[in-house]
1. In segment 34-64, which residue that is assigned to a loop (DSSP other than H, G, I, E, B) and modelled with pLDDT of 95 or more is nearest to the chain's Cα centre (by Cα)?
2. In segment 283-320, which residues are assigned to a helix (DSSP H, G or I) and free of Cβ contacts under 8 Å to residues at least 60 places away in the same chain?
3. Can you tell me which residue among 540, 562 is over 28 Å from the mean Cα position of the chain (by Cα), assigned by TED's automatic domain parsing to the domain that holds residue 495 and surrounded by 19 or more Cβ atoms within 10 Å (Cβ to Cβ)?
4. Pick out, from segment 195-259, the strands (runs of 3 or more DSSP E) lying fully within it that include 3 or more residues that are under 19 Å from residue 171 (Cβ atoms).
5. Would you list the helices (runs of 4 or more DSSP H) that sit entirely within segment 350-443 and hold 2 or more residues that are more than 22 Å from residue 290 (Cα to Cα) and within 16 Å of the ligand (Cβ to nearest atom)?
6. Here are some residues: 309, 317. Which one is in contact with a strand residue (DSSP E or B) (Cβ under 8 Å, 6 or more places away or on another chain), over 27 Å from residue 595 (Cα atoms) and within 14 Å of the ligand (Cβ to nearest atom)?
7. State yes or no: is residue 511 closer than 24 Å to residue 576 by Cβ, assigned to a strand (DSSP E or B) and within 16 Å of the ligand (Cβ to nearest atom)?
8. Would you say residue 604 is under 30 Å from the mean Cα position of the chain (by Cα) and within 16 Å of the ligand (Cβ to nearest atom)?
Ligand code: F6R
């Protein structure tokens with residue numbers, strides 16, 4: 001596989017992300033056809049796309065004149081063991097990992113689904129909006145359904161078209177044309193065992209071009225181990241995949257589209273855990289590299305982005321979850337340093353602000369996936385009312401990136417752990433670049449040296465990662481506590497929120513983040529002997545006030561873990577972080593909190609990569 005320096009990966013992200021992360025609705029698909037058994041490829045690929053959903057899994061192969069399906073509820077590893085997936089054999093196969101939308105999590109609702117006569121198998125990522133109507137019609141025509149999913153209608157529709165005498169491609173095409181909603185679909189056929197048909201509308205699908213072996217997947221990481229040549233399907237394209245060739249057609253008129261494969265400058269190492277026990281830990285440790293690559297931005301795009309904010313009549317900044325926390329930091333600097341009034345809102349709460357969206361307004365959206373439903377809804381409303389939308393997004397081929405007037409990439413590579421880690425620190429870097437460009441345009445910042453800043457920041461992150469053993473000790477002391485509090489002031493306040501969010505989602509311990517000033521307005525009542533409190537308290541104007549709050553809490557029995565570039569005896573425990581420019585302090589402050597959440601999860605025997613009830617992209621409202 002091609003090796004390359006980090007900037008090569010960054011450039012690649014443009015290609016890769018086009019294909020690789022557009023998880024409109026989460027679920028992972030992998031398919032392979034070859035002259036040899038493909039089950040190892042399908043099973044391996046399935047494990048790689050597990051981040052897209054992990055409540056059920058299944059495989060289908062075309063073998064000996066039938067379609068053999070094994071599927072069930074549970075994580076892939078469990079299903080694999082229970083149903084002996086690796087003992088399956090077939091030269092063409094599909095795999096699916098599910099995040100339930102229609103139909104509960106159960107064996108019967110796991111994909112793949114098969115048509116009545118056992119002729120067609122389907123896996124699907126997305127939502128078929130008109131499935132109830134289609135199902136009613138199919139039931140009237142005598143079809144028997146074996147699941148409660150929307151997906152199953154596809155298999156029956158294709159079977160109907162085959163019955164009508166159409167060939168496999170036309171039968172698939174005619175069936176797909178009846179669907180409304182979003183889909184990435186792959187089909188295999190009992191009587192055509194060297195064929196996979198795939199198609200997409202508003203959900204990602206990428207084809208892998210191998211030697212005598214071709215692939216289809218939701219994400220190129222599913223097949224990167226076998227080939228680094230990929231073809232990205234565009235919306236409303238249908239692919240005919242055989243072991244020796246791939247053909248692509250426009251669904252609108254059936255005309256063939258010629259597409260050359262692109263080379264993925266990606267290493268298998270980028271999508272494996274390497275020496276780390278989990279992706280989350282690997283991604284935390286990647287940050288010395290990813291904060292540096294976040295600095296690689298197209299200067300003219302950066303200037304356009306900055307000038308759109310500078311010249312706007314009003315500025316709104318939005319995001320959800322971790323991305324919202326990063327967006328708070330940008331709003332803070334715009335107000336305090338650039339003196340630009342900016343409203344910061346949670347995307348899901350956009351209706352509180354939408355009355356002010358109009359021509360001349362700029363909405364800045366933060367998102368790792370670029371597919372978060374709340375964020376998309378907010379920016380679509382803004383666009384509808386004439387506002388400009390600019391975004392900071394990791395998945396450059398995502399819906400948000402495509403629908404934005406300008407999108408700056410995070411360049412931090414695939415984030416597979418469900419909890420956002422390296423995307424947060426990259427967001428801080430990119431938003432700082434935007435604010436610095438604005439300050440430069442305003443004439444208050446001169447002689448910027450981003451490359452040097454990138455290097456300094458990268459080294460600081462390396463240094464702060466050395467606190468790992470200290471964090472492990474804290475985990476052993478506090479892992480049985482039911483509640484944690486995270487407090488900070490000013491520019492570190494979003495870091496307190498982020499620390500609490502990370503701890504909740506990975507360890508399932510209740511946690512609250514708040515301004516240290518708010519403690520006395522109520523929360524102090526909850527502090528008792530041994531209550532753990534994390535105080536993020538960098539040196540500077542807020543330092544002594546927060547230290548007073550620390551004393552107040554310690555006096556009431558709290559065990560305060562101080563995180564700062566300045567040591568103080570008031571803390572029960574202390575983690576020293578390097579002193580760097582204040583605009584980058586959140587980057588070094590958040591790292592111990594990410595580690596705390598990660599090791600807490602491990603200690604409590606949770607899977608940090610796949611927290612319960614969550615999925616990487618929240619594509620539902
Ligand atoms: C937390 C986390 C979520 C996401 C949120 C927004 O670790 O991952 O809170 O930050 O769902 O997702 P994006 O950034 O993809 O829009």
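The values are calculated or read from the model by the stated rules, or taken from the named source; none is laboratory data. These numbers were taken from a predicted model, which means no experiment stands behind them. Using ideal geometry, Cβ is built from the backbone for each residue, glycine included, and neighbour counts are taken over all protein chains shown.
1. 38
2. 299, 300, listed by residue number.
3. That would be 562, the only listed residue that is over 28 Å from the mean Cα position of the chain (by Cα), assigned by TED's automatic domain parsing to the domain that holds residue 495 and surrounded by 19 or more Cβ atoms within 10 Å (Cβ to Cβ).
4. Here the list reads 237-241, 246-250.
5. Helices (runs of 4 or more DSSP H) meeting the threshold: 373-384, 399-403.
6. 317
7. Yes: the conditions hold for residue 511.
8. Spelling it out, it is not the case that residue 604 is under 30 Å from the mean Cα position of the chain (by Cα) and within 16 Å of the ligand (Cβ to nearest atom).
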